[in-house]
Amino acid sequence: MLFVGTSIIHPSTEGVFLLCNILDLLIYRYKILSNTEADIFEKVNISKLTTELSKKDCEVISIHEHDESLESYFVSLVGGARHE
């Protein structure tokens, strides 16, 4: 379960398969978004994550953090679009 106000780490890599292997090894909860992206719902040691991916020759393209707001959580539950 994701709690409102939780920080989400969003890495983008060369391939999600290697990312999944590393996230499973590090026992992180995550959701795959595409062939190159995932959301991680844990406090992440970025250095450890990128080091493990580097050992597998998987380049990290970008990493950013965002918070799950009450509005975005509700929109994800009902499947609607967000209008600002």
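The values are calculated or read from the model by the stated rules, or taken from the named source; none is laboratory data. What you are looking at is a predicted structure, and each value in this text was computed from that prediction instead of being measured. Neighbour counts run over all protein chains shown; Cβ positions are idealised from the backbone, glycine included.
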* Got a sec? Which of Ser47, Ser54, Ser62, Ser34 is surrounded by 11 or more Cβ atoms within 10 Å (Cβ to Cβ) and either at pLDDT 85 or above or not acidic (Asp, Glu) (or both)? -> Ser54
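Could you check, for region 1-13, whether at least one of its residues is at pLDDT 70 or above and in contact with a Cys (Cβ under 7 Å, 6 or more places away or on another chain)?
The answer is yes, given that some residue of region 1-13 is at pLDDT 70 or above and in contact with a Cys (Cβ under 7 Å, 6 or more places away or on another chain).
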* Structure fact -> Restricting attention to region 16-45, the residues that are among the aliphatic types (A, V, I, L, M), part of a strand (DSSP E or B) and free of Cβ contacts under 8 Å to residues at least 24 places away in the same chain number exactly 1
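Any residue at all in region 68-84 that is touching a helix residue (DSSP H, G or I) at 6+ places or on another chain (Cβ under 8 Å), loosely packed, with under 11 Cβ neighbours inside 10 Å, at pLDDT below 85 and not β-branched (Val, Ile, Thr)?
Scanning region 68-84 turns up at least one residue that is touching a helix residue (DSSP H, G or I) at 6+ places or on another chain (Cβ under 8 Å), loosely packed, with under 11 Cβ neighbours inside 10 Å, at pLDDT below 85 and not β-branched (Val, Ile, Thr).
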